[in-house]
Amino acid sequence: MKSVWILPLTLLALRPLSAAAEPGMLERKGDEALASGLWEMAAAHFSTCLSTKELGPADKTRVAIRLAEAWIRQGKTQDALDLLDQSFVSKHPEATFWKGQALASLGRLQDALDLFIPLLGGSATPHFAELVLTTANLQLALGRQDEALATLALLTSDASQPSSSRARLHQIEILLDRQRYEEARRILPPSSGLSPADQALATYLDGQLLLAEQKPEEAAARFQALIDQPRGQSLRTHHLAAAGLARALKARGTPETAVPFLLAFIQDNPDSPLLDPLFEALLDLLPATPVPADPILERISQWITPSEIPATGLIATFDNDAAGAWPGPSSGSLLLAHSLHSRALGLLRCATPSAIAEASSLLQRLRLEFPSHPLADRALLQLALLALTQNQPDRAFGMLDTLRRTTSLPPLKGRAAFLEARAAYDRGDRAQAVTLYQEAADALDGEAARAASLNAAVIRLTETPGSLTIQQNSRPVEPSIAPDVELERALSEPDLAKRRTAIEEFLSTHPEHPRVPEARLAAAECALAGSAPDLAFARSQFEAIGSPDAATSLAPARLALLGLRIADRSGDSAAAIAAARSLLDRFPADPAAAEAMLVLGRNLFETRSYNDARLVLEKLAASDTDPGRAQAAWLLAARSAALVPTSQSQQEALILFDKAIDAKGPVSPLARLEKARLLIDMNRLPEAVSFLSKWFSSLEEKDPLHLPAGLLLGEAVYARGGTDAQSLASAIEVYDKLLVHATDQPAVFNRIQYLRGKTLEQIPDPADPSGKRERQAFIAYYSVLETDAPPAEWHYFELCGFRALALLEKAGRWPAAIACAKKIASFKGPRAAEAATRASQLQLKHMIWED
């Protein structure tokens, strides 16, 4: 406010002197004032000089340019623009440069760039170094980092330029932000020959690179040196070093040192222009899920003073751009603004209802009390994200739309557009989604812009399958993302074989594309997913992905999971177990961990490590959110327990089988069968019969489980029967019901007839209570031999044949027995020789010869 009131008084005081002063002296005094940063004094001298009549046309133009510069630096931007548009000034070589500076100070960044870009054609342009640095900064402000790097190269390519080193350091800052660490390290200049300020900045950048290279001890030493020796460095470098030191201390494993240091530094520098990176570093020191009483959050709360604006009246709460209607303060404590924002972000991590409510209140207060601060727009974005998580889409998208229309920060505009685009796509409005993704691509930079462009192209592609040409009034696919669109189309193909073919075409066409590792990974996954896995292909793609450095674009857990699947499908249990344990150690919270646990448990089971398998599988089953996988884990855990030869373990296996059954998934029937099998093996026959009877009676004959359940029920009833005729009769009833499945299944017929015959041999004959129903048993056994076709299976076929032969021998029916033995031998099965030998023995013993 001082400059607004002092300037008129200064002009009045100078006029009596200025009237007699020569133009040359006034211009010289104006230049001296500019050099000293006394913009008001410079403007006064140049304005007085310009009003004298002694100035020639060239001198008048030169003084007008200096006056415009003074006004721009003073903040009187519109006055400067009006002056620069006057005909006697507009054609001066510096006029365009200063007009661009004025537009930039008004927030018209693109208009300023449009003026600056044509001036970059030659180093003879006035203020060339300043022009290059300003242009790069504008490009950065608009999120165009690659363009900024190219602009700075205009200075770095010419070492004779006095600002070449500063431009080089600026490039390194951008490369660090882009995580291009090797390139940044390569161009970091040596300290010799740099100015003290640039030496300090180079030391800071070296520390950042060391931190990125996972050398926190060395990085901390660089940052500490800058903290200890502030002389010669800029305030910006000194305060950035504080943030860097805090991060290095955390990376070194001593966050307990970093927290008090950074809190004290912020306390000592509450008006720092670098509070944003300082508070970002402070939030990095917070746990991923802090408690509301965390010491950092508590300390931040001490910097939040009570609000001076009463929360009453018509605008006590607000959404969207209602904050603009409040006649509140436009400036205030920067520390307060950052404290409001940072405590809100920290509380949102707590995720408790009370913490979320307080965070929302803090963000709204930030927007209310600091409406022109950049953090106000970030607060609006956070409020919109919060509304989305609270299932308030209309409120969220209202705020996002406001942010898109009002923010001057392209990254925020782009992110808001991206979120709205995703929502538009989810509700089926593809045209709006494309428009918003395109808007996001224009506002964002780097991978974020690429992702937005790619999403827009993929949506358009789904509307025009097989073509990269786009419908009317929509942009064509940019050539730079056409290969990405091709890959996305391949990855979205639902048919596995076609997907793999399309991915292989992409790899063949674009062997040097950055997404080749991703394509190889997807192709390998396709090869393993089929019913007949192509292990050789999957292994070749996995090996071609190469070193971890070559696969930095891939999720490491996904890559580790592919290696595990290859080992598992190869049947190498030892390798699969080792790979699964490695994945679980490295990525315990990743979704891939669940599959790794299942593979680990199954391979431990297959190698007969039943106790270890059970522990892994029970843990997975109890925690997995995938019901199908959890049920499979319960079943395998039950099998593992059942195979441990102790009564306690088998008893626990029954409980685990019940858990698998209760899960009501696809393996429930299998769990029922295996539980019944275990009950029979444990000789808990009444339980087995009760369990199976209830289940069997609920099954229809056409149910595929009717046969296996019936066979187990028959077995349990038969085993329980002993001399209990009624129980054995019940078994016969079960087997008779199962004969319906034998109509077109000879193997089933053979088995059922064998079981019927064995049961009938134990049941008393109603016609002769002293005997058994051996005649009916013989009929059951011999019926399987009455076929001209080769048997569908040999085991039960020959069991029936030899049992029929035994009954004939028991009855002394020697000719029939000889005929039966020869019939068994005629089928030339595994026991044919045995049957033929028995026939000969019977003939010889009983002297029964063929005519």
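Remarks
- Candidate set from segment 787-828 (those that are hydroxyl-bearing (S, T, Y) and assigned to a helix (DSSP H, G or I)); member that is nearest to K758 (Cα to Cα): Y796
- For R838, the criteria (1) part of a helix (DSSP H, G or I); (2) open to solvent by 70 Å² or more (accessible area, probe 1.4 Å); (3) modelled with pLDDT under 90 hold in every case but one, which is (3).
- One residue from T407, T402 being under 15 Å from G143 (Cα atoms) and surrounded by 20 or more Cβ atoms within 10 Å (Cβ to Cβ): T407
- Matching residues in segment 196-241 - criterion: being open to solvent by less than 30 Å² (accessible area, probe 1.4 Å) and of a type in the set (D, E, K, R): D198, D206
- Residues of segment 51-65 that are modelled with pLDDT of 85 or more and either more than 16 Å from S87 (Cα to Cα) or hydrophobic (A, V, I, L, M, F, W, C) (or both): S51, A58, V63, A64, I65.
- Enumeration of residues in segment 752-776 that are of a type in the set (A, V, I, L, M) and either open to solvent by 20 Å² or more (accessible area, probe 1.4 Å) or under 26 Å from K828 (Cβ atoms) (or both): I752, L755, A767
- Residues that are open to solvent by 50 Å² or more (accessible area, probe 1.4 Å), part of a helix (DSSP H, G or I) and either among the acidic types (D, E) or within 18 Å of E543 (Cβ to Cβ) (or both) within segment 509-528 comprise just one, R520.
- Checklist (1) open to solvent by less than 50 Å² (accessible area, probe 1.4 Å); (2) at pLDDT 90 or above applied to L615, failing item: (1)
- Of all residues in segment 544-571, those that are modelled with pLDDT of 85 or more have Cβ atoms under 7 Å from Cβ atoms of residues that are not in a helix (DSSP H, G or I), 6 or more apart or on another chain, in A557/F587; A557/D590; A560/F587; R569/P533.
- Among the residues here, L175 does not qualify as surrounded by 20 or more Cβ atoms within 10 Å (Cβ to Cβ), more than 30 Å from R415 (Cβ to Cβ) and in contact (Cβ under 8 Å) with a residue 24 or more places away in the chain.
- Complete set of residues in segment 432-447 that are free of Cβ contacts under 8 Å to residues at least 24 places away in the same chain and surrounded by fewer than 24 Cβ atoms within 10 Å (Cβ to Cβ): Q432, T435, E447
- Which listed residue, of A538, A567, A630, A622, is open to solvent by less than 40 Å² (accessible area, probe 1.4 Å), within 25 Å of A663 (Cα to Cα) and of a type outside the set (D, E): A630
- Scope segment 110-124; condition touching a residue at least 24 places away in the same chain (Cβ under 8 Å) and open to solvent by 30 Å² or more (accessible area, probe 1.4 Å); matching residues: Q110, S123
- Scanning segment 346-357 for residues that are under 14 Å from T389 (Cβ atoms) and open to solvent by 20 Å² or more (accessible area, probe 1.4 Å) yields L348, R349, A351, T352, P353, I356, A357.
- Among the criteria (1) open to solvent by 50 Å² or more (accessible area, probe 1.4 Å); (2) of a type in the set (G, A, S); (3) under 46 Å from the mean Cα position of the chain (by Cα), the one S87 does not fulfil is (3).
- Contacts under 8 angstrom Cβ, first residue in segment 644-673 being under 24 Å from S609 (Cβ atoms) and modelled with pLDDT under 90, partner assigned to a helix (DSSP H, G or I) and among the β-branched types (V, I, T), 6 or more apart: A671/I661
- Selection count where residues are in a loop (DSSP other than H, G, I, E, B) and small (G, A, S), scope segment 85-113: 1
- All of (1) of a type in the set (A, V, I, L, M); (2) at pLDDT below 85; (3) open to solvent by less than 20 Å² (accessible area, probe 1.4 Å) hold for M1 with one exception: (3).
- Residues satisfying the stated conditions in segment 242-277, i.e. in contact (Cβ under 8 Å) with a residue 40 or more places away in the chain, surrounded by 21 or more Cβ atoms within 10 Å (Cβ to Cβ) and within 19 Å of G207 (Cα to Cα): G244, A248
- Residue match in segment 114-132 (condition: closer than 27 Å to Q74 by Cα, in a loop (DSSP other than H, G, I, E, B) and under 42 Å from the mean Cα position of the chain (by Cα)): no
The values are calculated or read from the model by the stated rules, or taken from the named source; none is laboratory data. Computed from a predicted structure; not experimentally measured. In this analysis, Cβ positions are derived from the backbone assuming ideal geometry, glycine residues included, and neighbour counts consider all displayed protein chains. Side chains included, ligands, DNA and RNA excluded: accessible areas come from the protein's heavy atoms. Shrake-Rupley method; radii C 1.70, N 1.55, O 1.52, S 1.80 Å.
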